[in-house]
Every structure is written in structure tokens, then in C-alpha cells.
1. Name the single residue that is farthest from the ligand (Cβ to nearest atom) among those in the stretch 117-150 being under 14 Å from His327 (Cβ atoms) and of a type in the set (A, V, I, L, M, F, W, C).
2. Is one or more of the residues making up the stretch 14-24 open to solvent by 100 Å² or more (accessible area, probe 1.4 Å), assigned to a loop (DSSP other than H, G, I, E, B), closer than 29 Å to Ile368 by Cβ and modelled with pLDDT under 85?
3. Do we have Arg215 as in a helix (DSSP H, G or I), without any contact (Cβ under 8 Å) to a residue 60 or more places away in the chain and either more than 15 Å from the ligand (Cβ to nearest atom) or touching a Cys at 6+ places or on another chain (Cβ under 6 Å) (or both) here?
4. Go through (1) modelled with pLDDT of 95 or more; (2) in contact with a helix residue (DSSP H, G or I) (Cβ under 9 Å, 6 or more places away or on another chain); (3) surrounded by fewer than 20 Cβ atoms within 10 Å (Cβ to Cβ) and name the single condition Glu97 misses.
5. Condition test on Glu342, is it in contact with a helix residue (DSSP H, G or I) (Cβ under 7 Å, 6 or more places away or on another chain) and either open to solvent by less than 20 Å² (accessible area, probe 1.4 Å) or free of Cβ contacts under 8 Å to residues at least 24 places away in the same chain (or both)?
6. When the stretch 239-274 is examined, which residues are found to be open to solvent by less than 20 Å² (accessible area, probe 1.4 Å), out of contact with any Lys or Arg (no Cβ under 8 Å at 6 or more places or on another chain) and over 18 Å from Lys126 (Cβ atoms)?
7. Need pairs with beta-carbon distance below 7 Å; first residue without any contact (Cβ under 8 Å) to a residue 24 or more places away in the chain and within the stretch 250-271, second part of a loop (DSSP other than H, G, I, E, B); sequence gap 6+ or separate chains.
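The values are calculated or read from the model by the stated rules, or taken from the named source; none is laboratory data. These numbers come from a predicted model, not from an experiment. Please note: Cβ atoms are built from the backbone with ideal geometry, for glycine as well, and neighbour counts cover all protein chains shown. Protein only, heavy atoms only, side chains kept; ligands, DNA and RNA dropped before computing areas. Shrake-Rupley method; radii C 1.70, N 1.55, O 1.52, S 1.80 Å.
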Amino acid sequence: MNFEISIQDLIRVVGIFASIYVLKCVYDIIYIAYFGPLSKIPGPKVSHLTKFYIGVKQINGQRWKWLQNEIVPKYGKIVRVSPEIVLFSDKDIVKQELPKNRNYERLRTDEKYSTLFTARDKEIHKRRRRVLSPAFSIKHLSSLEPFMHTCTNDLIAKIDGEISKGGGKAVINIYLLIQYNALDVIGETAFGGSFKLVTNGNHPMPSKVFSELRRRVMRSLFPFLKPFLKQDPYIIDFINKIIKQRRQESSHKKDLLQMMLDTKEDGLTDFEIYDQSIEFLIAGSDTTSFTATMIIIMLVKHPEALEKLVKEIDEALAGIGSEGPTHDQIKHLPYLNGVINEGLRLFPTSRGPGKEATEDLVLGGYFIPKGTLVIANTLGLHLSKEYWGENAKEFVPERWLEPEKLTPDCFIPFSAGARNCIGLNFAWMELRLTIATLLYRYNFKDIENQEIELLQFITPSLKSKEYNVVVSMRN
Ligand code: HEM
């Protein structure tokens, strides 16, 4: 018998197997999209078929605009936005404590090592949070306040200089200055010293860290690109040098970096400190600066609210001269806190903490199989007329003056539960100090008809990267 197989026969056999494989894939995709357990959940049919549809929106920064303006209004509080992702804007469902989803792993420097933000395992997260919490406690925050003042003083010096150059008034790009200020604050508190961005306008470190973040997102969306998306050695060298120097000189600076270096029980290794510092820069700068910028923009667009706030700050600081405020002097001001809450409500920086169903669940009447990514739609909650009334989309700081009239559990700018923002008090202190210092010292005037288009890759930003306001000294 002759068992010889010709090349043509071989090609035919391979072809048959390849066709079966392709048919199986097509069947799986169609089954998951239209007949699987999530198929009953409303949502755009095309995004049920492939995760690349939403992936492309994510890459060009349009994901959340698309969801908020088109998808959620059309499909409602529970929407399937990809074969495996369901978005929830129901306050009772969002409240459920579920573990973080697998996508966070892909944001790690090294997939084997988690940071506080990217930890998924409950015990690992608990341990890391216990080690880092003292650095963010109210008690330690007062040690961090002088570092914030150092940066605010740079900001004032910069704006004063512009006003004096302009002969009494100046047009400043508030978006950029506040962004630089927030990066300087993180530099001052977590990297050994301010990046002096407000003063000098550049420093390679922050932009390199944000490029690294974009690489991580690309790696997470397209894992096959990993070999081409390696970490920039500059970042590693920069932080390692500071850690080495600190270890040698036994510094007395009580900043976040030193708190991490001083951890004893369950202490952090140099790699973990390096990783955590980068995370603070990513999580703690654009979030705070975007919020502060949008608050200033809202204030200049609502002169009556601006006037009310300036009056409150002036009364609280009467007699302190030209000195900027301390946190103690302003932390209980009801209108200031209302303005900040309203900014956090209308412009949440995290549009949706991502969780995962680790077992089969029923949420909002739908069966959610194990492995489904469950995303809280923060903006959806924050702008819901059902929860906030007819003026839900308007800037109304007064609503916070009567907290008993607000619906509970539908305000989650810092997320909630065990995975809420560890930097919450830090952010509040920075927001209060920045806004009160600026309004106490300067008049702000809007320049109308500027574009306010938002893009969101990780945190949101202004597409134009600028918002100009006219500033002059107050008497
Ligand atoms: C207005 C400013 C801020 C906002 C709105 C904000 C918001 C948030 C949100 C929503 C989360 C949960 C995200 C998720 O689960 O995907 C989070 C977590 C986190 N934030 Fe913030 N954040 C702000 C400022 C800061 C600052 C200043 C720092 C540090 C210096 C910081 C560090 C972190 C860290 C490390 C986590 C992970 C916490 C954990 O999982 O235990 N954030 N933040």
C-alpha cells in the first residue's frame, strides 16, 4: 500500500481544519453576541460582536463621550457595551462590592507585581493599603501641607509675574498652569522635590510617565505589541537615584516618599516604592488638576457663584493680609466645599471603576455570568435626573448646602468601599488650597466662546489643552 501524501492533499487537509477553526470562531462570536447569557442586555449590536469597537473609541479618547451622549441615553441604566462588558448606572447595583477586574493587571509595570491601584487579590490589597494608609491619614496630611504651599507659592509668583508684565492684567492658560501645579505637588511630595514645571515650563519626568501609561494601555488593548512597548529607562533611573540618595542621607523630610521608605512591618521594597511613586504621579496629578480646572471654568462661567465664593473666602480670611490661606482656615467653608463637590459631580475623573463578576450573579434582573466585566457608570449616576432632579446637568453648588435633600449613594467621584481613593483627603486639601488661594488673590474673568471639548484616555482632559482666563490682582 502506498501512504504517500501529496502537497495538494496536505494543503487540502490544513485548509479543512483552518475552515473548521474559522467557522468555530465565527460561531462563538455570534453565539456570545446574540444568544449567550448577556445577549438579553440592551446595547449596540456591533459592540456585542467585538471588543475592538469600544477599544478604538478608547484609543482616540472618545469612549466616554460616545457612551454618555449616544449609548446610555439610548439604552438606559444597564448597557452591554462590548461582548464581555456591562455598564451600570443604578446606585443600588454600583454599591455592590465586587473585586477589581482583570484589565487592571495589564496596567502594571510587571504583571507579576501589583500596586495599590492594580491589586486584585483582596489580601494583597489589604496589606498594601495598611502599609500606605498612614501616609494619607488626616494626621500626616498636615505634614504635607507645607509642600503644597511651596508649590502654590510658585504658582502665585508665576501669575504675579504675568500680571506685572501685562501692566495690571494678563491672559493665562489656567488648564496648563493648574496641571503643572498638580504635577509639582506630586513631585514635591513623592519624588523628593518639585518638578518646577510652573516656574520652568518643562521637566522630562511627568511626560515620560504619561507616555509609559499610554504604552501600558496599548499593551493592554493589543498584547501582541508588548515587545515593542518597553518601559523608558529614564523613569527607572530617575526614581532609583532618589531612593538611593534618600537611603544614604536619612532625610527628615516627612513626604510620601519618606513614609514609604520608612515602612517597617510588611515594608516596601525599592521596586515597590518605585512602582508606587509612579502610580501616585499618574493617579494624583491629572485627577486633581482636571477637577480644579473645571471648577475654575465653571466659576468664571457662573459669576454669581464666583462672587458668593469670593465673599465667603474673604470673610474667613479677614485680617490675614496677603498671605495665602492655611487648610485649617478654609476646610469647613460650606460654599467652597459645595463648589468642589459640584465640580467632582459634573466632571468625575474616573468614569467607571471596573469590577468583575467572580461568580454568576443576577444584577438588575439580568443574569451576569462569571467573568463579565462590570463597570460603574459614574458620570451616568452623577448626571441622573432621577437622583439629582431636573437641574442635574447644571452647576448648582447650592444643592450641597442641604445635604439631607440629596439622594444617598449616587455620588462616587472617589469610588466607594474598600477600593475607594486613598488620596481623597490629599486631593481635597490640594483642591481647597489651590482654589481659595487663587480666588483670594486674583480677579478672574472669562473669555467667551472657547472650546470645552473633553477627551478621555485614562483621566479626562481638554482636547485643546488650554482654557484662557483674564486675571488681575485684587485690592
Ligand atoms: C480629584 C482628585 C482625585 C480623584 C477624583 C480620584 C479618584 C479616584 C477613583 C475614582 C479611584 C478608584 C479608581 C478605580 O477603581 O478604577 C481612585 C483610586 C486611587 N487613587 Fe485617586 N483620585 C484623586 C486623587 C488622588 C491622589 C491625589 C492620589 C495620590 C496622591 C490618588 C491615588 C489613588 C490610588 C493609589 C488609588 C487606588 C486605591 C486602592 O485601590 O486602594 N488619587 N482615585
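1. Looking at residues that are under 14 Å from His327 (Cβ atoms) and of a type in the set (A, V, I, L, M, F, W, C), I get Ile138.
2. No, the stretch 14-24 has no match at all.
3. yes
4. Only one criterion in (1) modelled with pLDDT of 95 or more; (2) in contact with a helix residue (DSSP H, G or I) (Cβ under 9 Å, 6 or more places away or on another chain); (3) surrounded by fewer than 20 Cβ atoms within 10 Å (Cβ to Cβ) is unmet by Glu97, namely (1).
5. Judged against the criteria, Glu342 is a match.
6. Passing the criteria: Ile239, Ile243, Arg246, Asp255, Leu256, Ile273, Tyr274.
7. Pairs that qualify, where the first residue is without any contact (Cβ under 8 Å) to a residue 24 or more places away in the chain and the partner is part of a loop (DSSP other than H, G, I, E, B), are Gln258/Ser251.
Here's the yes/no breakdown for (1) polar (S, T, N, Q); (2) over 18 Å from Thr372 (Cβ atoms); (3) free of Cβ contacts under 8 Å to residues at least 40 places away in the same chain:
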| position | (1), (2), (3) |
| --- | --- |
| Leu10 | no, yes, yes |
| Tyr27 | no, yes, yes |
| Ile59 | no, yes, no |
| Trp66 | no, yes, yes |
| Tyr75 | no, no, yes |
